[in-house]
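Trainee: What follows is a single structure, and I will ask about it in a moment.
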Amino acid sequence: MSEFKLRRLGMMMEPEPGNPQEIEGVLNPAAVRGPDGELYLFPRLVAKGNFSRIGIARVRFNAAGDPAGVERLGIALEPEADYELRPNGGGGCEDPRITFVGPLKRYLMTYAAFSAQGPRIAMAISEDLFHWRRIGLARFGPYQGIEFDDVDDKDASLFPVAIPNPSGHPEMALLHRPLFPGTRPEETATGPALRDLDLNRESIWISYCPMVLDGCEPHCFGKFTSHHRLATPVSPWERLKIGAGTPPVLTRHGWLIVYHGVSEMEQASKGTHPLRYSAGVMVLSKEHPQIIRYRSTEPVLTPSLPQERDGTVANVVFPTGIDRREDIGSPDRFDIYYGMADSRIGVARLDVPELLPPGGVADSPEAKV
């Protein structure tokens, strides 16, 4: 086997009938093993008016070891802080990713906090996954005139260990996707088929922050700096936008992430969403994650099921959670949890090949899409 393939296992969650907290969707979960070895999902629960909370659910497995359903356990976070609330009563804690950061011996959650200023990356910390303490908004240093603190930002996740920054110093590393004006897919879809890219703006970025080990108070986390453009749209299936997906996990080939890319629908019918969100695989160097070792030339998952094609936002598969199946003795097997049309949650299985496939696209500084 020498290629990455995803095999769908089924739908895991959909809105619970009669539950007002889920009336507009259950989607885009974090997935993480707890101290008890159980797998927990942290789905985005959307109430009326796009008011989003982050829930907690325990995954149930069948006799074959496949995920087969969930048990809802409550709410992890709901909008309370000023950076999560809007003046009209709306707000959101959205699209979490959770990483157990080994040096800190804590779980760190990154999520999109949606206030009047727009989406920003927020962080929370926990020892047991059931009790979360807000750290606040992630803070960023400037980069060549770009003020990341003033820019909408989403799709953030952390590495589980210290990573050498560009100067070689081990630090906490964050993948994120700044949403600079003019780079949303709804905007770039109106551009020409062949267009010049602003490489500093249409990209997944990696940024670094010093890691303090003798305490986890909010002041321990400084600014993320040493910014590096990691990946830019290059293939047709991701022509309009790419964004980080699952948190990075270490494999035999390097750091694996399953990310999303956006393109236009070939034949968008009247009244339907004109965009398609698909999923691809990226492998980053173990020693220097700024280096891409492999990247999908074609998507590994595209919306094809009715639950992926019809929903709050049509034609979307959006990977956010990943679970290494060491519990069944398969460390090269991963279950990928993803949003289905911004309405439900599905799961697919990925087996890491023995060799990296040939011909994976690296990022080209002269890329046009």
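Trainee: Examine the range 91-99 for a residue that is open to solvent by 10 Å² or more (accessible area, probe 1.4 Å), assigned to a strand (DSSP E or B) and more than 15 Å from residue 244 (Cβ to Cβ), and state whether such a residue exists.
Mentor: No, every residue in the range 91-99 fails to be open to solvent by 10 Å² or more (accessible area, probe 1.4 Å), assigned to a strand (DSSP E or B) and more than 15 Å from residue 244 (Cβ to Cβ).
Trainee: On to the next question. Select from the range 279-336 the residues that are among the β-branched types (Val, Ile, Thr) and part of a strand (DSSP E or B) and write down the one among them that is farthest from residue 52 (Cα to Cα).
Mentor: Per the stated criteria, the residue is 292.
Trainee: Take the residues in the range 136-183 that are under 13 Å from residue 207 (Cβ atoms) and of a type in the set (Lys, Arg), then tell me which one is surrounded by the most Cβ atoms within 10 Å (Cβ to Cβ).
Mentor: 177
Trainee: Moving on. Name the pairs: first residue in the range 25-36 and touching a residue at least 24 places away in the same chain (Cβ under 8 Å) and within 18 Å of residue 319 (Cβ to Cβ), second residue charged (D, E, K, R) and outside any strand (DSSP E or B), Cβ to Cβ under 9 Å, at least 6 apart or on different chains?
Mentor: Within 9 Å, the pairs are 25/14; 25/342; 26/14; 26/16; 27/342; 28/342; 33/326; 33/327.
Trainee: Collect the residues in the range 1-28 that are outside any strand (DSSP E or B), surrounded by 13 or more Cβ atoms within 10 Å (Cβ to Cβ) and hydrophobic (A, V, I, L, M, F, W, C), keeping them in residue-number order.
Mentor: 4, 23
Matching residues to (1) closer than 19 Å to residue 96 by Cβ; (2) touching a residue at least 40 places away in the same chain (Cβ under 8 Å); (3) touching an Asp or Glu at 6+ places or on another chain (Cβ under 8 Å):
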residue: 113; (1), (2), (3): yes, no, yes
residue: 126; (1), (2), (3): yes, no, no
residue: 133; (1), (2), (3): yes, no, no
residue: 145; (1), (2), (3): no, no, no
residue: 160; (1), (2), (3): yes, yes, no
residue: 168; (1), (2), (3): no, no, no
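Trainee: Still on this structure: Kindly indicate the residue of the range 302-347 that is under 22 Å from residue 266 (Cβ atoms) and either free of Cβ contacts under 8 Å to residues at least 12 places away in the same chain or of a type in the set (Asp, Glu) (or both) and also least open to solvent (accessible area, probe 1.4 Å) among those meeting that condition.
Mentor: 308
The values are calculated or read from the model by the stated rules, or taken from the named source; none is laboratory data. Only a predicted model underlies this, so the values are computations on that prediction, with no experimental measurement involved. Heads up, the Cβs are rebuilt from the backbone with ideal geometry, glycines too, and the neighbour counts pull from every protein chain shown. Accessible surface is based on the protein model in full, side chains and every heavy atom, while ligands, DNA and RNA are left aside. Shrake-Rupley method; radii C 1.70, N 1.55, O 1.52, S 1.80 Å.
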